Amino acid sequence: MKKVLINGAQGKMGAMITELITKNPEYGLQVSVKREVGQSAEGDFNLVIDFSQPDGALEAYQIAKDNKAALLIGTTNLPASFIETLKAEKNIPVFFSPNVSIGVYLFTEVLKYAQSMFKGYERRMEEIHHIHKKDAPSGTAKNLAAALDFPVEEVKSVREGEVVGTHTFVLSSDYEEIILSHVAKKRLLFAESAVLISSWLVNQKPGFYDMKNFVERKLIE
């Protein structure tokens, strides 16, 4: 069993990840430390999973480095400079993605293909999330915009009810309109993906990994 520190353990994602690991020993993981932002990290662990806030992710990175532990960060709205630091990491395995859903990764690839097929079409993007979400546009929307070379300032952000997350990309002409959406129904989707990726990451060599690395390597295993 690989021991895990959950950073942001009292948050919704942290709590779900903790429960999933506890109830599913087949992942080969065991929660050994639960931590909140600003607290010390006492205990033994091989992996740090962070779903907290930007300053918490910075703390998680330093804790992982100090303890030579693998690190998965799912926290969004991180400073660009910090993301570049993560990408340059050579001493521990680091995984970062603003959305850990395998479905969202594949959705992104579909959008890139569709956009290449319908050149000259008008493009629109919208993201909808629950009213508690602080950042707008969402980290996933920013990632989609970057992948599609779409102006992030043109992303429409909507906050309503308890919507987990909906991202829609529209390609429109005078003759037709193509609407492509990814709808997350439950937050458990992201928790399960995070645990699955974590169980893989903890056995990887030092370096930076993202969803593309994970999906491509899992396909050949």
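Things to note:
- Within the chain, percent of DSSP bridges classed antiparallel, to nearest 5: 40
- Ordering ILE92, PRO151, VAL170 by the projection of their Cα atoms onto the charge dipole of the stretch 63-207, which places +1 on the Cβ of Lys and Arg and -1 on the Cβ of Asp and Glu, puts ILE92 at the extreme positive end.
- Dividing the radius of gyration of the alpha carbons in the chain by their Kirkwood radius gives 0.99 for Rg/Rh.
- Candidates MET125, MET16, MET117, ranked by Gaussian network fluctuation over the chain, Cα under 10 Å, top entry: MET117
- The helix-based estimate of mean residue ellipticity at 222 nm for the chain, built from -39,500 (n - 2.57) per DSSP H run of four or more residues and divided by its residue count, is -11500 deg cm²/dmol to the nearest 500.
- Among ALA41, ALA114, ALA70, the largest mean-square fluctuation in a Gaussian network model of the chain (Cα springs under 10 Å) belongs to ALA114.
- Checking the Cα-Cα distances for LYS3/LYS186; LYS3/LYS68; LYS12/LYS185; LYS119/LYS212; LYS23/LYS65 against a 20 Å cut-off, the pairs over it are LYS3/LYS186; LYS119/LYS212; LYS23/LYS65.
- Highest GNM mean-square fluctuation among ILE63, ILE197, ILE131, for the chain modelled with Cα contacts below 10 Å: ILE131.
- Database remark: amide H of ILE92 closer than 5 angstrom to the amide H of GLY207 (H placed geometrically; neighbours at sequence offset of 5 or more, or on other chains; Pro and chain starts carry no H).
- Positive-end extreme of charge dipole, the stretch 1-64 - chosen from SER40, ILE6, ILE17 (charges on Cβ): ILE17
- The stretch 169-221: trypsin sites (Lys or Arg not before Pro) falling in loop per DSSP and having at most 13 other Cβ within 10 Å: LYS185, LYS186
- Surrounding net charge for ASN77, when Lys and Arg each add one and Asp and Glu each subtract one, Cβ distance under 14 Å: -1
Every number here is computed from the coordinates shown, using simple stated rules; none is lab data. Predicted, not measured: the structure shown is a model, and the values here were computed from it. Positions of Cβ are backbone-derived with ideal geometry, glycine not excepted, and every protein chain shown enters the neighbour counts.
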